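Below: one structure, written as structure tokens.
The values are calculated or read from the model by the stated rules, or taken from the named source; none is laboratory data. Since the structure is predicted, the reported quantities are computational estimates derived from the model, not experimental observations. For neighbour counting, all protein chains shown are included, and Cβ atoms are generated from backbone atoms with ideal geometry for every residue, glycine included. Heads up: the accessible areas ignore ligands, DNA and RNA and are worked out on the full protein's heavy atoms, side chains in. Shrake-Rupley method; radii C 1.70, N 1.55, O 1.52, S 1.80 Å.
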Amino acid sequence: MIKCQVVMNAMDAFAPRYLAEDWDNVGLLIGSPAQNVHKILTCLDVTENIIDKAIAEGYDMIVSHHPFLFRSMKRINTDKPLGRMIQKLLSHNIAVFAAHTNLDTTFGGVNDVLAQKLNLTDLKPLTITYREEILKLGVNVPNDYADAVRQAICKAGAGFIDNYSDCSFQFVGEGKFTPLENATPFIGTQDKNEVVTETRIETIFPAKIKNRVIKALLKAHPYEVPAYDIIPTQNVYHENGLGRIGKLQTPMLLTEFVKMVKENLPGDTFRFVKGNDKLVQKVALCSGAGVEFLDKASMQGADTYVTGDVKYHEAQHAQELGINLIDAGHFGTEMPVVKTLATYLQNENIKNKWQIEVTADTSAQDVFTTI
């Protein structure tokens, strides 16, 4: 059995909370990081049916996509649906964790799962909502310790460039210094100017791990006071955003594409607007309610846009832009990620020997029924 915090850490590794929109509410919404977990249920929404299932089947943690608690609350009335559900969760010690817009944005999350269901390739984010700040590190090290320091900072997360690790540059020069009265020098003596052959190591790292990299550097460096620089850069290696845009390997008629969408996604609500006479080839998408990015999809050359929760005048606007618009429903575009979440946590369970049970909810149904 593991602690809830362990699962939280794993979720943060997959869908970091810093990717969430400012208005969102993600993370542990009910429960304690210190409570024990032995059964996890992943789901789209924390409904009363899900809570009752968790109670009946002994789940002690729910990991959902939609936040169970979203808006601020001034009172909890247990005669109301939300208050009643909160009471059930607390009385049965069931933790609730949500990964929402961070799961939409992260690579391998909701939008990538949706793109995979639609057989899209050459994917890139439709919008950019997060650019990782990259810092440059330069440090001077005595030659004999250069390898140890370089290995330590790379192990801490420095030196990654896309699909390459341990990236650094080095050159040899002379370091000069004079230890003063209160110094305890690793090399040299007090009040005597020293000249030491040193290696200059330069590499980069994400700003978010700055403290970890510096800590590793200071631990591995032999000097009492190492000389190092942290420099901001304009490098861009990692960009995340809502939505995706990609291509079909084989172009098809709009009617054929709509049929494929309906066959590959759950739910009962599928509508489409014909905006052009082209074969469907360049497709943009955004899970859930993403029609706000319709113009971006059009500007980036998409001939078809897939999302959910489309309104009448938004459909008209698609026709004006000359872009096909498919409303596959909020449920239909997001439900597939529930299985992905369970698979990810189950793989973490096996890899880390958590010895817990992870299950994906398959009982949820679209709230809309088409007649």
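In the calculated pair-distance distribution of the stretch 1-58, the portion above 18 angstrom amounts to 44 percent of the Cα-Cα pairs.
Model label points for residue 57 and residue 277, set 7 angstrom from Cα along the Cα-to-Cβ axis, are 5.2 nm apart. Accessible surface for the stretch 44-113, divided over its residues, is 45 Å² per residue with a 1.4 Å probe. Pair-distance distribution P(r) for the stretch 257-369, from all Cα-Cα distances in 10 Å bins starting at 0: 14, 39, 25, 15, 7, 1 percent.
Computed from the C-beta positions of residue 80 and residue 289, the FRET efficiency with R₀ = 30 Å rounds to 0.75. Each residue of the stretch 50-152 gets 264 Å³ once the volume of the Cα convex hull is shared out per residue. When exposed loop sites are taken as GluC sites (Glu not before Pro) in a DSSP loop with at most 13 other Cβ atoms within 10 Å, the longest stretch of the chain clear of them is 1-180. Would you work out if the chain is rounded, prolate or oblate? Take a ≥ b ≥ c from the square roots of the eigenvalues of the alpha-carbon gyration tensor; rounded if a/c is under 1.5, else prolate when a/b is larger than b/c, oblate otherwise. It is oblate, given that a/c is not under 1.5 and a/b is not larger than b/c. Going by the alpha-carbon gyration tensor, a ≥ b ≥ c the square roots of its eigenvalues, is the stretch 1-109 rounded (a/c under 1.5) or, if a/c is not under 1.5, prolate (a/b greater than b/c) versus oblate? Judged from the Cα gyration tensor, the stretch 1-109 comes out oblate (a/c at least 1.5, b/c at or above a/b).
By DSSP, the beta bridges lying fully in the chain are antiparallel in about 70 percent of cases. Under the combined filter of DSSP loop state and at most 15 neighbouring Cβ atoms within 10 Å, the stretch 185-237 retains these trypsin sites (Lys or Arg not before Pro): 192. Modelled spin-label separation between residue 352 and residue 155, with each label point placed 7 Å from Cα along the Cα-to-Cβ direction: 2.1 nm. Reducing the stretch 229-300 and the stretch 82-96 to their Cα centroids gives an inter-centroid distance of 37 Å. Taking only protein heavy atoms and a 1.4 Å probe, the accessible area of the stretch 196-267 is 51% carbon and sulfur.
Taking a ≥ b ≥ c as the square roots of the eigenvalues of the Cα gyration tensor of the stretch 245-302, is the shape rounded (a/c under 1.5), prolate (a/b larger than b/c) or oblate? Note, shape of the stretch 245-302 comes out oblate. Using R₀ = 35 Å, calculate the FRET efficiency as 1/(1 + (r/R₀)^6) where r is the Cβ-Cβ separation of residue 225 and residue 168; round to 0.05. After rounding, the FRET efficiency stands at 0.95. The distance between label points at residue 93 and residue 268 comes to 4.0 nm (points 7 Å beyond Cα on the Cα→Cβ vector). Were the residues from residue 236 through residue 148 laid out at 0.36 nm apart, the gain over their Cα-Cα distance would be 28.9 nm.
Across the options 231, 206, 62, the greatest Cα extent toward the positive end of the charge dipole of the chain (unit charges at beta carbon of Lys, Arg, Asp, Glu) belongs to 62.
Full extension of the chain segment joining residue 252 with residue 367 gains 38.3 nm, where the gain is 0.36 nm per residue of separation less the Cα-Cα distance. Note on the stretch 101-146: dipole from Cβ charges, positive end direction compared against 126, 105, 141; the farthest Cα belongs to 126. Loop-located trypsin sites (Lys or Arg not before Pro) in the stretch 1-89 (DSSP state not H, G, I, E or B) with no more than 14 neighbouring Cβ atoms inside 10 Å: 71, 74, 75.
Of the chymotrypsin sites (Phe, Trp or Tyr not before Pro) found in the stretch 155-202, those in coil by DSSP whose Cβ has at most 15 other Cβ atoms within 10 Å are 186.
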